[in-house]
Amino acid sequence: MNIIEELKSNKNLSDEQFKLLLETDTYKEDLFKQADIVRQQVYGKDVYLRGLIEFTNYCKNGCYYCGINCTNKNIKRYRLTKDEILQCCKDGYALGYRTFVLQGGEDPFFTDDIICDIVSAIRQNYKDCAITLSIGEKSKESYLAYFKAGANRFLLRHETANEEHYKKLHPESLSLKNRKQCLFNLKEIGYQVGSGFMVGSPYQTIENIIEDFRFLQELKPDMIGIGPFIPAQNTKFEKFEHGKLNLTLKIISILRLLFPYALIPSTTALGTIDPQGRELGLKSGANVVMPNLSPTKYRNLYTLYDDKICTNEEAAECRGCLERRVSLAGYKVVTDIGNPKTAMYNL
Ligand code: SAH
């Protein structure tokens with residue numbers, strides 16, 4: 001059995017074997033091909049949409065890689081009102097979105113009561129939609145309150161599963177231990193959980209990436225979001241190189257073979273480092289895209305990294321553009337809540 005067949009049938013490899021796939025391109029074509037076969041077995045040609053609402057760029061944390069971290073005094077800060085958020089959902093629903101992702105910095109203005117109020121308003125209006133939160137580390141009680149208000153998915157990338165590497169990317173106030181605990185708490189409450197990491201973040205080694213795979217095997221998330229690190233102006237890492245397309249695509253394929261049921265987005269960051277990035281991501285095993293639903297006037301302020309694409313388009317333009325891109329890549333955008341097909345795998 002060759003290494004790709006082994007990965008496909010065992011849904012696992014040794015560290016040495018992972019290393020070979022990550023460090024060389026010997027098996028690359030076969031890897032992409034088999035990942036796409038598995039993706040089509042589980043999800044057909046369907047591509048799920050998630051409407052991303054970037055509702056605040058205020059953040060109390062100082063993650064070294066992130067352009068909206070609290071030490072950056074050179075950006076204009078904004079918050080959406082509840083009405084603006086609800087308007088985004090209304091526009092999104094009309095465009096066929098059945099998942100709304102509320103993402104933001106860790107902004108103390110949005111207390112649990114405010115988040116719950118917004119979530120319940122969305123829940124009341126859109127019973128057939130998923131509500132995803134991506135608002136960072138909170139207590140288990142807070143996560144439970146949002147869940148009871150109607151949120152049912154949560155995205156929280158672990159960023160790196162290696163302690164030392166985590167310390168190189170974050171200030172002392174943040175810990176990998178807490179981030180991991182948050183993920184397990186979210187699972188226990190009953191959220192569909194998404195985790196993931198950046199590819200090519202400063203100081204990342206191939207061994208770190210293998211540790212990321214091992215952590216994901218332990219967590220068994222429903223969604224796995226990965227994208228290249230891209231430097232952001234006015235951050236500690238502004239002079240570092242961005243993560244590479246080739247490595248990101250190989251990791252998407254490996255993840256598809258390790259977790260056939262997973263929802264794997266082809267990220268905006270991937271589309272930012274290469275004009276065909278998102279299409280290539282889909283061809284390597286990704287099955288989700290997350291177009292922006294935020295009001296255009298705020299979009300260029302949610303600057304996690306430099307040169308982010310789609311910051312000047314209206315929601316409807318984004319939707320149309322993506323539909324064309326997805327179909328040119330050979331797949332099909334569907335109007336669907338886009339739940340993970342975990343049942344097929346008894347998970
Ligand atoms: N505050 C939330 C949302 C963070 S933004 C949280 O803590 O989870 C969503 C993701 O963007 C992050 O998890 C990180 O992986 C990614 N990101 C941040 N800065 C980035 C950069 N410079 N390049 C690429 N991705 C970045």
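The values are calculated or read from the model by the stated rules, or taken from the named source; none is laboratory data. Here the structure is a predicted model, which is why all the values come from computation and not from measurement. So basically every Cβ, Gly included, is an ideal-geometry build from the backbone, and we count neighbours across all protein chains shown. Ligands, DNA and RNA are excluded from the accessible area calculation, which covers all protein heavy atoms including side chains. Shrake-Rupley method; radii C 1.70, N 1.55, O 1.52, S 1.80 Å.
Could you say which residue among 170, 158 is in contact with a Ser or Thr (Cβ under 7 Å, 6 or more places away or on another chain), within 26 Å of residue 211 (Cβ to Cβ) and surrounded by 18 or more Cβ atoms within 10 Å (Cβ to Cβ)? Show your work before the answer.
On the way: 170 fails: in contact with a Ser or Thr (Cβ under 7 Å, 6 or more places away or on another chain).
None of the other options fit; the residue is 158.
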Report task. May I ask you to list the residues in the range 58-109 that are away from the ligand (no atom under 11 Å from the Cβ) and open to solvent by less than 30 Å² (accessible area, probe 1.4 Å)? Result -> 62, 72, 78, 80, 85, 88, 89, 92, 96, 97, 99, 100
Query raised in the report: What number of residues in the range 166-199 are touching a residue at least 40 places away in the same chain (Cβ under 8 Å), within 15 Å of the ligand (Cβ to nearest atom) and part of a loop (DSSP other than H, G, I, E, B)?
Result: 5
Query raised in the report: Quick check: anything in the range 232-245 among the aliphatic types (A, V, I, L, M) and in contact with a Ser or Thr (Cβ under 9 Å, 6 or more places away or on another chain)?
Result: yes
Query - Condition met for residue 150 (touching a helix residue (DSSP H, G or I) at 6+ places or on another chain (Cβ under 9 Å) and either among the small types (Gly, Ala, Ser) or without any contact (Cβ under 8 Å) to a residue 12 or more places away in the chain (or both)) - result: yes
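Consider residue 241 carefully, then state whether it is open to solvent by 60 Å² or more (accessible area, probe 1.4 Å) and touching a residue at least 12 places away in the same chain (Cβ under 8 Å).
Details: open to solvent by 60 Å² or more (accessible area, probe 1.4 Å): yes; touching a residue at least 12 places away in the same chain (Cβ under 8 Å): yes.
Yes; evaluated as a whole, the condition is true for this residue.
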Requested in this report: Please go through the range 257-301 and pick out each residue that is basic (Lys, Arg) and touching a Leu at 6+ places or on another chain (Cβ under 6 Å).
Outcome: 278
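When you scan the range 113-155, how many residues do you find that are assigned to a loop (DSSP other than H, G, I, E, B) and surrounded by fewer than 21 Cβ atoms within 10 Å (Cβ to Cβ)?
As a first pass, look at the range 113-155 and keep what is assigned to a loop (DSSP other than H, G, I, E, B): 126-129, 135-139, 150-152.
Filter again for surrounded by fewer than 21 Cβ atoms within 10 Å (Cβ to Cβ), leaving 126-129, 136-139, 150, 152.
Total satisfying the criteria: 10.
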Requested in this report: Please verify whether the range 255-267 includes one or more residues that are within 9 Å of the ligand (Cβ to nearest atom) and farther than 12 Å from residue 160 by Cα.
Outcome: yes
Report task. Collect the residues in the range 200-224 that are basic (Lys, Arg) and touching a residue at least 60 places away in the same chain (Cβ under 8 Å), keeping them in residue-number order. Result -> 220
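Table: residues versus (1) of a type in the set (Gly, Ala, Ser); (2) buried (at least 21 other Cβ atoms within 10 Å of the Cβ).
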position	(1), (2)
245	no, no
249	no, yes
252	no, yes
259	no, yes
262	yes, yes
276	no, no
284	yes, yes
287	no, yes
290	no, yes
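For residues that are of a type outside the set (D, E, K, R) and open to solvent by 30 Å² or more (accessible area, probe 1.4 Å), scanning just the range 175-188, find the one that is farthest from residue 70 (Cα to Cα). Reasoning before the result, please.
First, pick out the residues of the range 175-188 that are of a type outside the set (D, E, K, R): 175-176, 178, 181-186.
Of the ones still in play, those that are also open to solvent by 30 Å² or more (accessible area, probe 1.4 Å) are 175, 178, 181, 184.
Numbers: 175: 17, 178: 20, 181: 24, 184: 27 Å.
My answer is 184.
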Requested in this report: With the checklist (1) open to solvent by 20 Å² or more (accessible area, probe 1.4 Å); (2) free of Cβ contacts under 8 Å to residues at least 60 places away in the same chain in hand, flag the one item residue 234 doesn't pass.
Outcome: (2)
Report task. Go through the residues of the range 304-326 one by one and say whether even a single one is at pLDDT 95 or above, open to solvent by less than 60 Å² (accessible area, probe 1.4 Å), out of contact with any Ser or Thr (no Cβ under 8 Å at 6 or more places or on another chain) and within 17 Å of residue 201 (Cα to Cα). Result -> yes
